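This report concerns only the one structure given below.
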Amino acid sequence: MKFIALTIFPELLQAFWDNGIMRRASAGGIIEPSALNVRDYAQGRHKVTDDRPYGGGCGMVMKPEPLAAAIGAARRTAPGAPVILLSPQGRRFDQPMAKELARCEGLILICGRYEGIDERISEQFVDLEVSIGDFVLTGGELAAMAVMDAVTRLLPGALGNEDSADQDSFRNQRLDCGHYTRPPEFEGRTIPQVLLTGHHELIARWRRADGLMRTLVRRPDLLQLKPLDGEEIGLLEKWRGEIDKLIRSQRDSGSGPSPGGG
Ligand code: 4GX
């Protein structure tokens with residue numbers, strides 16, 4: 001997978017590509033990352049990449065000509081790769097989109113700065129506008145890194161062990177379980193004892209239950225996206241029973257609030 005980032009800060013991306021999984025994926029030929037410095041495509045002695053907005057107002061806008069030239073160069077290097085603009089106005093990035101993009105042969109990522117890029121570039125060259133979330137960054141580089149990171153870990157061979165990409169959060173719309181490592185007791189806190197049994201099926205079942213509980217508490221919206229399976233319904237019924245029992249026992253002891261909470 002070719003990644004071509006168009007940026008005025010190529011060093012930001014280089015640091016990202018030079019470390020960890022990204023570095024290993026490049027060394028293994030799984031990704032082929034490069035940055036094009038938009039400034040190198042600017043005209044004149046000062047290589048200006050931005051200008052004041054028509055109509056006035058604060059901030060600057062990235063000029064169209066250097067971007068168009070850089071996009072042209074990127075397209076010659078990665079024919080067929082979609083041109084993606086990172087911006088808060090884009091379609092919200094999520095795991096299904098990461099899976100979709102992982103099927104491409106390459107990605108051309110435009111990292112805007114200032115107030116953004118000239119709208120005519122978006123209209124003429126951009127295939128997809130992507131947002132990584134409803135907040136405002138100072139530039140598209142960090143958003144492009146998030147996209148490349150999420151896509152890379154889905155590529156065959158990038159993580160080493162083939163199934164870990166799919167075991168993590170958002171595998172079939174459920175959050176990941178808690179994770180523990182040594183020591184077995186830390187500041188008086190132990191680990192779920194089932195993890196010490198060596199009983200793989202019991203451990204797998206505990207992990208699914210913990211993931212479901214975390215989803216229920218933290219992201220109940222995800223439970224609407226995929227129907228509950230039989231095991232999940234069983235767990236929820238068990239927890240409902242335990243909650244009912246707890247409430248009844250408190251009520252019967254007579255010290256709590258009256259029924260209905262009033
Ligand atoms: N998810 N930003 C881009 C400048 C900009 C604005 C409009 C192109 C068009 C962001 C996000 C994000 C801030 C990156 C504005 N470039 N990008 N930048 N959230 O906030 O992707």
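Only the coordinates and a few stated rules stand behind these numbers; no lab work does. Owing to the predicted nature of the structure, the values given are computational and were not obtained by experimental measurement. Note that each Cβ is placed from the backbone with ideal geometry, even for glycine, and that neighbours are counted across all protein chains shown.
Please return the longest stretch of the chain lacking exposed loop sites, where GluC sites (Glu not before Pro) count only if DSSP places them in a loop and at most 14 other Cβ atoms lie within 10 Å.
Within the chain, the longest run free of exposed GluC sites (Glu not before Pro) spans 1-104.
Compute the long axis of helix 200-218 from its Cα atoms, compare it with the longest principal axis of the Cα atoms of the chain, and write down the angle in degrees, 0 to 90, nearest 10.
In the chain, helix 200-218 runs at an angle near 70 degrees to the longest axis.
Pick from I203, I243, I84: which is most flexible by mean-square fluctuation in a GNM of the chain where alpha carbon atoms under 10 Å apart are linked?
Ranking I203, I243, I84 by mean-square fluctuation puts I243 first.
With no solvent and one equal point scatterer per Cα, compute the Debye intensity ratio I(q)/I(0) for the chain at 0.14, 0.16 Å⁻¹ and report its log10, rounded to two decimals.
-1.02, -1.20
Which of A42, A27, A204 moves the most in a Gaussian network model of the chain with Cα springs under 10 Å?
In this elastic network of the chain, the residue with the biggest mean-square fluctuation among A42, A27, A204 is A204.
Give the lysines whose C-alpha is closer than 21 Å to that of K226, dropping any in the same chain fewer than 8 places away, or say none.
Leaving aside lysines fewer than 8 places away in the same chain, those within reach of K226 are K99, K238.
Whole-Å semi-axes of the range 96-247's equivalent ellipsoid, largest first, each the root of 5 times a Cα gyration tensor eigenvalue?
Largest first, the range 96-247 gives 39, 19, 16 Å.
Specify the angular offset, from 0 to 90 degrees and rounded to the nearest 10, of the alpha carbon long axis of helix 64-77 from the longest principal axis of the alpha carbons in the chain.
70 degrees
Please arrange S122, S253, S34 by counting, for each residue, the other beta carbons lying within 10 Å of its beta carbon, fewest first.
S253, S34, S122
Kindly put C177, C58 in sequence by how many other C-beta atoms sit within 10 Å of each C-beta, fewest to most.
C58, C177
Mind checking the angle between helix 141-152 and the chain's longest principal axis? C-alpha axes, 0 to 90 degrees, to the nearest 10.
Here the helix axis deviates by roughly 60 degrees.
Loop by DSSP (not H, G, I, E, B), at most 11 other beta-carbon atoms within 10 Å: where is the longest site-free stretch of the chain for trypsin sites (Lys or Arg not before Pro)?
Longest gap between qualifying sites, sites excluded: 104-262.
Sort S26, S249 by Cβ crowding within 10 Å, fewest neighbours at the top.
Lowest count first: S249, S26.
What are the ³J(HN,Hα) values, in whole Hz, obtained from phi via the Karplus relation 6.51 cos²θ - 1.76 cosθ + 1.60 with θ = phi - 60°, for each residue of the range 189-197 in sequence order, with x given for Gly and Pro?
Those phi angles translate into 9, 9, 10, x, 5, 4, 5, 9, 6 Hz.
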